[in-house]
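The values are calculated or read from the model by the stated rules, or taken from the named source; none is laboratory data. Keep in mind that what you see is a predicted model, and the values were worked out from it rather than measured. We place every Cβ from the backbone using ideal geometry, glycine too, and count neighbours over all the protein chains shown.
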Amino acid sequence: MDDTRARTALTAELERIDAEAATHRERGPLRPGESDRRAVDDADQAARATETMEADLIESTLREQRERVEAALGRLDSGDYGRCAVCGREIDDERLQARPETDRCRDHAEG
């Protein structure tokens, strides 16, 4: 994948992650102690705890995705983009198109 296409794909992925994070923050679940008619009833405590755990997981996942994309942009800037971090071989274009943030070839893909 050429640098221009890679940068375009990575920038688009950052925008998607940021939009998803913003949407999630806007509609996010109530945290214990927040005032809202949904949070008034103590019987909802278990449901709110589950929502909170799910929200934390989503936020963590988005943060990790963003970090991987930013790292890929850094590799692009340094000239290391498209090379496997394990063996140094070139990562095939099909893999980079599917996962532009990856730093591993198919042989060393993470489970």
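Close contacts from the stretch 1-29, counting a first residue that is exposed (fewer than 14 other Cβ atoms within 10 Å of the Cβ) and in a helix (DSSP H, G or I) and a second that is of a type outside the set (Lys, Arg) and modelled with pLDDT of 95 or more, with Cβ to Cβ under 7 Å and a gap of 6+ residues or different chains, come to Asp3/Leu76. The condition of being farther than 22 Å from His24 by Cβ and free of Cβ contacts under 8 Å to residues at least 60 places away in the same chain holds for only one of Val86, Val69, that being Val86.
I need the full set of residues from the stretch 47-61 which are among the polar types (S, T, N, Q) and within 11 Å of Ala21 (Cα to Cα), in order please. Of everything in the stretch 47-61, those that are among the polar types (S, T, N, Q) and within 11 Å of Ala21 (Cα to Cα) turn out to be Ser60, Thr61. I need the full set of residues from the stretch 78-101 which are part of a loop (DSSP other than H, G, I, E, B), at negative phi and buried (at least 19 other Cβ atoms within 10 Å of the Cβ), in order please. Within the stretch 78-101, Tyr81, Ile91, Pro100, Glu101 meet the criteria. Whether a residue is closer than 21 Å to Asp103 by Cβ and either surrounded by 16 or more Cβ atoms within 10 Å (Cβ to Cβ) or at pLDDT below 90 (or both) was assessed, and Gln65 passes this test. If you filter the stretch 1-36 down to residues that are of a type in the set (Lys, Arg) and closer than 15 Å to Thr52 by Cα, you find that the one that is modelled with the highest pLDDT is Arg25.
May I ask you to say which residue of Arg75, Arg104 is in a helix (DSSP H, G or I) and either touching a residue at least 40 places away in the same chain (Cβ under 8 Å) or among the charged types (D, E, K, R) (or both)?
Step by step, each of Arg75, Arg104 is checked, and only Arg75 is in a helix (DSSP H, G or I) and either touching a residue at least 40 places away in the same chain (Cβ under 8 Å) or among the charged types (D, E, K, R) (or both).
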